[in-house]
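Visitor: Below is the structure I would like to discuss, written out as structure tokens.
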Ligand SMILES: Cc1cc2nc3c(=O)[nH]c(=O)nc-3n(C[C@H](O)[C@H](O)[C@H](O)COP(=O)(O)O)c2cc1C
């Protein structure tokens, strides 16, 4: 029987600051899935307004939240091994100090890792892409390959990349539904992002998703 709690898997760092319980995500909305698909596009310029904690909660839940008993998530995962980790690099989010937070799907909460505004340095690590600096917050999708390659060998590498794509698309569609803009950023210096966010050596950053209100 497969162990869903990954007790024997490598642990990511667990030094912690404060924990923030996120508002319950909504399970219904005003936008149909067809309309969200119709409107999905990459948006790189944002209004200078903050995001609400409810919006952040909804985006993170869309990406990797638990959606049914058994710990299963909104995005599929090969063997339900869940190699994907999410971080929020917060700059302007109501009720959330600027900083770096790790999302914990199991209790839909954020673990505060670092305080301070890291958007500018993150943008520099992403070839100075302005969308990263200008967004109210940036979601980082990283992965611990070993969770999946431990079972599937090298083929697991592909599986991990597919899973990051699923999570990112969920964020895009949820952003449309919330009238927010986002863009998939794949062009960045891995080592710089790892060092800036103090990622574990076995953890690979794979996608940045700046998010902000859509500029009028
Ligand atoms: C794997 C991947 C990497 C990407 N990297 C970047 C990037 O670094 N910067 C950026 O502005 N857009 C990036 N994009 C977004 C694409 O440029 C965008 O999806 C494409 O131009 C099509 O536009 P649309 O998303 O509005 O349909 C990336 C998209 C994907 C799927």
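Read-outs throughout are calculated quantities, based only on the coordinates presented, and are distinct from any laboratory measurement. All figures in this text were calculated on a predicted structure; none of them were measured in a lab. A quick note on method: Cβ atoms are made from the backbone with ideal geometry, for glycine too, and the neighbour counts reach across all protein chains shown.
Visitor: Can you give the Kirkwood hydrodynamic radius for the chain, in Å, rounded to one decimal and based on Cα pairs?
Guide: The answer is 17.3 Å.
Visitor: With each pseudo-label sitting 7 Å past Cα toward Cβ, what's the residue 151-residue 215 distance in nm, one decimal?
Guide: The answer from the label model is 4.4 nm.
Visitor: Please compute the length gained on full extension between residue 24 and residue 47, using 0.36 nm multiplied by the number of residues separating them and subtracting their Cα-Cα distance.
Guide: Roughly 5.7 nm would be gained on extension.
Visitor: Follow-up question, since we're still on this one. For a Förster distance of 25 Å, can you work out the FRET efficiency between the beta-carbons of residue 128 and residue 54, rounded to the nearest 0.05? Mind showing how you got there, number by number?
Guide: Numbers: r = 31 Å, r/R0 = 1.25.
Approximately 0.20, to the nearest 0.05.
Visitor: Another question about this same structure. Between residue 192 and residue 80, what length in nm is gained on full extension when 0.36 nm per residue of separation is reduced by their alpha carbon distance? It would help to have the intermediate numbers written out before the result.
Guide: Details: separation 112, 0.36 × 112 = 40.32 nm, distance 2.99 nm.
Between residue 192 and residue 80, full extension yields 37.3 nm more.
Visitor: What is the spin-label model distance, in nm, from residue 106 to residue 158 if the labels are put 7 Å beyond Cα along the C-beta direction?
Guide: Result for the modelled spin labels: 3.1 nm.
Visitor: Between 186, 70, 116, find the one with the highest GNM mean-square fluctuation for the chain; connect C-alpha pairs within less than 10 Å.
Guide: Maximum among the listed residues: 70.
Visitor: If you find the alpha carbon centre of segment 67-97 and of segment 174-209, how far apart are they in angstrom?
Guide: 13 Å
Visitor: If you don't mind, another one. Grab the DSSP H runs of the chain that are 4 residues or longer, score each as -39,500 (n - 2.57), total them, divide by all residues and round the 222 nm result to the nearest 500 deg cm²/dmol.
Guide: Only helices count here, giving -9500 deg cm²/dmol.
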